[in-house]
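The values are calculated or read from the model by the stated rules, or taken from the named source; none is laboratory data. Treat the numbers as computed from the prediction; the structure is a model and nothing was measured. Here the Cβ positions follow ideal geometry from the backbone for every residue, glycine too, while neighbour counts run over all protein chains shown. Surface accessibility is based on the protein's heavy atoms, side chains included, excluding ligands, DNA and RNA. Shrake-Rupley method; radii C 1.70, N 1.55, O 1.52, S 1.80 Å.
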Amino acid sequence: MAKKRLLMITPENREIFRHRKAQANNFLQLTMPYLAGFVSTDSFDIRLIDEYDEPVPYDESFDIAAITVNTPNALHCYRMASRLRLHGTYVVMGGPHVSLLPDEARPYADCLIPGEAEETWPLFLRDFLRGSQRRLYRSDNPPTLERLPRPRWDLVKTRRMARYAVISGRGCRHSCSYCNLRQIYHSSIRERPADEVIDEIATLPGSRFVFWDDNFFGAPEYAKRLLKGLSGLGKEWAAQVTLEQCENLELLQLARKAGCVYLFLGLESFSQGTLREANKGINRVCDYIRLIDRIHGCGISTQAGIVFGFDSDGMDVFDRTMDACEQLGIDGATVSLLTPFPGTPLYDRLKQENRLLTDNWEWFNGKTRVTFQPRRMSPEQLFTGYMRFRRKFFSLRSIFRRLCRSRVNILQSLILNLGYRQSIERNYDRG
Ligand code: SF4
């Protein structure tokens, strides 16, 4: 039997494309290379397109097009699916947005695979080959993360300065009001066998990667086992963790020894009241300086997640946050506008209070638009304050102040900061 032609698409949101393109710290999107690893090469010819690098080849014909859909890309993906279906391509969709709103996505796809796809995606492919595919494959039980195939990085166009991504586990014990993790994944927390993760990392094509986990230190004893196995591989990596786990000095020291260069910390706010509002009481503002110093003391840089737009944020929040970042020596930051993703407690509350300003999902990217009516300022004031903060944070003066305070991985942090600075200059200041 002739092989089927399978097109796998990682879509890119036009709204923030330019912004991401100008930054120096992009990493490769894992989902499609990972799912491609489950596909039999005896039965399928795979073409993987990441719209970050190249356009979708609408003029070619495929048997199946698989699209992973997140909220800001949803409308773009629906348009893409309609165009592909016009040419007779069978369209299958999955990803976070399809998991949250399958009824919305249904008219645009021949088949939906909401939720975790490790078991349902291979099942769909098997049924497709037999001509007996269903319209919906829902993941009813948490799939095992054992004996996972290797992601097909060979299918991705090589990108300069790109980092690869690796999963070691899935899930998070917390329930922040704006996070949709619990609505997308099964609630159980699972880890991959540490030796399988180490084997995969040892054979990665590059020397730098990121852990894709939502909370890398979430299971500390497992993390320690993994970190011991990683040291000596000569890799450099970053991971997302909660600040409370950074109390654990042994964990930080092992992470550094294993090649950790920076930790992404979801600080979100420097006000305890705001953190309570966000149901993120695990962050204690009074501990910030001690724990950031501890991370720096271990030779690891900090990339803070900072979010503006909570109900308790007044106009003074921007300057207060700026002062705190400089005082703490925060090395870098991912600064976002609060975004009420569908399915989250935040979305439900704002909808109930009649404060959502749009249902255009393209605006729900956390970077370029305010999507709801803030409590203590206007949407314009929130956007202007957020932009002013970003310009100030990535000004040469602030970069100098922060990195002088941190004194960790200075050259690398400088490159990252200048990448963000360039992105802001190119996309916003020069129109
Ligand atoms: S700690 Fe992070 S991953 Fe966990 S619920 Fe909160 S935002 Fe989501």
Checklist entry - Is it true that Val285 is β-branched (Val, Ile, Thr), under 22 Å from the mean Cα position of the chain (by Cα) and at pLDDT 95 or above? => result no
Checklist entry - Say we look at region 226-247 and pick out the residues that are crowded, with 17+ Cβ neighbours inside 10 Å and within 12 Å of the ligand (Cβ to nearest atom); which of these is farthest from Phe216 (Cα to Cα)? => result Leu243
Checklist outcome for this item: How many residues of region 384-409 are in a helix (DSSP H, G or I) and either in contact with an Asp or Glu (Cβ under 8 Å, 6 or more places away or on another chain) or open to solvent by 60 Å² or more (accessible area, probe 1.4 Å) (or both)? The answer is 13
Checklist entry - Restricting attention to region 32-46, does a residue exist that is surrounded by fewer than 16 Cβ atoms within 10 Å (Cβ to Cβ), modelled with pLDDT of 95 or more and outside any loop (DSSP other than H, G, I, E, B)? => result yes
Next on the checklist: Could you check region 260-317 and list, in sequence order, the residues that are acidic (Asp, Glu) and within 14 Å of the ligand (Cβ to nearest atom)?
Outcome noted: Glu268, Glu277
Checklist entry - Is it the case that some residue within region 204-220 is surrounded by fewer than 19 Cβ atoms within 10 Å (Cβ to Cβ), more than 11 Å from the ligand (Cβ to nearest atom), over 23 Å from the mean Cα position of the chain (by Cα) and over 19 Å from Ser406 (Cα atoms)? => result no
Checklist entry - From the set of residues in region 153-191 that are in a loop (DSSP other than H, G, I, E, B) and over 19 Å from the mean Cα position of the chain (by Cα), which is nearest to the ligand (Cβ to nearest atom)? => result Ser188
Next on the checklist: Here are the criteria: (1) out of contact with any Asp or Glu (no Cβ under 8 Å at 6 or more places or on another chain); (2) in contact (Cβ under 8 Å) with a residue 12 or more places away in the chain; (3) open to solvent by 10 Å² or more (accessible area, probe 1.4 Å). Tell me which single one Asp103 does not satisfy.
Outcome noted: (2)
